[in-house]
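Student: Provided herewith is a single structure, encoded as structure tokens, for subsequent inquiry.
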Amino acid sequence: MNPSSTEQEALPRQLAARRRPVPSDPEDADRLRQRSGVRRAFPAIAALALLAAVPGFSLEPQMDDSFASLRQQMVEDQILRRGVEDRTVIAAMETVPRHLFVPESQQREAYIDSPLPIGQGQTISQPYIVALMTELLDLDGSERVLEGKQASRLLAELGYSNVHVRIDNGYHGWPEEAPFDAIIVTASPPSVPQALVDQLDVGGRMVIPVGAGAVQSLELLVKSGDGKLKRKTVVPVRFVPMIGEQD
């Protein structure tokens, strides 16, 4: 089975439909419950995007969108029914034109409950996994976030001015711009890269699939004041492997 074309990230389907996991830190869990109100592969040679909050930034894409009804149905059937509650995440899923990040021949499939191949052996994630991973980061909009990206030009065309791009080794992160409040990794390394741990700020959160096999574990890591990581296994997943070598 070729994971680049048949990757099923949340395993099994009924497991993906459960309520969202509770973070390992009880205070974090309480904060998530009280609060009401984005994935491509992360190869070793990847575009690293630094997202920083910009006052007045809007999620509204600058374009005519004929896929709005499909996107709304995706949110209702795949995101809300599976327990995602973060209003900012939900708003992003309702707004971001996911179909523009896949080949034109597959745009009508962009909002189905499945990952899709996007070329070069990589995939765009299942919508639920995108929402789940983003919600686990517990963002409020003021953070600096490190994420793997392969669509920097398109993001700029859509008006996302708070995205800065660098082409480099994904295992190395972006040390010149560290520390980061959150890091999201969208391909699976055999173990958590130490460089990314070092670049995570105290109190920061990292969401990353970990494992060298066909099925990996989605992990939530929270960095404590002494530099140690609190680790929570969230759900079994299937991601493309992180390629390249770790120093």
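Student: Out of all the residues in the range 138-152, is one or more over 23 Å from residue 90 (Cα atoms) and out of contact with any helix residue (DSSP H, G or I) (no Cβ under 9 Å at 6 or more places or on another chain)?
Tutor: no
Student: Could you check the range 75-171 for strands (runs of 3 or more DSSP E) lying wholly inside it with 1 or more residues that are surrounded by fewer than 17 Cβ atoms within 10 Å (Cβ to Cβ) and more than 16 Å from the chain's Cα centre (by Cα)?
Tutor: 116-119, 163-169
Student: Here's something else I'd like to know. When the range 173-183 is examined, which residues are found to be crowded, with 17+ Cβ neighbours inside 10 Å and either modelled with pLDDT under 95 or under 13 Å from residue 244 (Cα atoms) (or both)?
Tutor: Looking only at the range 173-183, we keep the residues that are crowded, with 17+ Cβ neighbours inside 10 Å, and these are 173-174, 178, 180-183.
Within the range 173-183, 173, 174 meet the criteria.
Student: I've got another one for you. Given the conditions (1) among the acidic types (Asp, Glu); (2) modelled with pLDDT of 95 or more; (3) in a loop (DSSP other than H, G, I, E, B), report the number of the one that residue 219 does not fulfil.
Tutor: That leaves (3) as the condition not met.
Student: Among the residues of the range 180-227, which ones are of a type in the set (D, E, K, R) and either over 16 Å from residue 129 (Cβ atoms) or out of contact with any strand residue (DSSP E or B) (no Cβ under 8 Å at 6 or more places or on another chain) (or both)?
Tutor: Selection gives 181, 198, 201, 205, 223, 226.
The values are calculated or read from the model by the stated rules, or taken from the named source; none is laboratory data. Quantities reported herein were computed from a predicted structural model and do not represent experimental measurements. All Cβ positions, even for glycine, are placed from backbone atoms using ideal geometry, and neighbour counts span all protein chains on display.
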